[in-house]
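Notes follow the structure.
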Amino acid sequence: MNLTDAQKQQVSVWLEQGLKVADVQKKISAELGLSMTYMEVRFLLDDLRLKPKDPEPPKQPAPNSPIAAPTASSPPLVAEASPPADALPALGGVKLTTDALARPGTIVSGKVTFSDGQTADWYLDQMGRMGVVPAQKGYKPSKMDVMEFQEQLQRELQKMGY
């Protein structure tokens with residue numbers, strides 16, 4: 001596709017402004033009325049010997065900056081290792097179990113008993129979708145039970161390598 005010298009100059013200005021190739025492609029379409037694929041824009045930039053600008057890296061704080069050096073009163077920058085999942089106590093009345101043999105169509109499945117005694121089956125399918133099927137139709141556990149269920153499930157899945 002042939003561009004006029006004015007159009008080529010405009011593309012050069014857009015790159016100087018820091019626009020990326022995809023943004024230049026959109027501008028060419030919107031302002032110049034030309035439809036170009038991403039690759040055509042890349043080839044155009046190559047033909048014009050133009051390169052998109054790399055974004056500036058974030059500035060590092062100066063070594064003497066208060067941000068750079070932790071003080072005795074500041075918390076450590078590295079998080080302390082959390083105890084193993086087995087060592088964590090159960091938070092409340094939610095009890096989670098996993099099936100020895102996953103239900104058909106799932107990667108992992110199991111059962112959960114909420115603090116009010118209601119039960120549900122849960123599963124994680126091959127697409128990574130989570131499902132919970134309560135034994136009592138229409139049952140919704142409390143927010144605290146849901147949070148506890150999620151935490152226990154996450155620990156259990158980590159133990160299993162997921």
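A few points about this structure:
- Radius of gyration and Dmax over the Cα atoms of region 102-142, both given in Å: 10.8, 31
- Ordering Asp46, Asp145, Asp99 from the fewest to the most neighbouring beta carbons within 10 Å gives Asp46, Asp99, Asp145.
- The charge dipole of region 5-47, taken about its Cα centre with unit charges on the Cβ atoms of Lys, Arg (+1), Asp and Glu (-1) only, comes to about 160 debye.
- Of interest is the spacing of the C-alpha centroids, which for region 138-153 and region 25-41 amounts to 50 Å.
No lab work stands behind these numbers, since they all come straight from the coordinates. What you see is a predicted model; the values in this text were computed from it and never measured. Cβ sites come from the backbone with ideal geometry, for glycine too, and all protein chains shown count toward neighbours.
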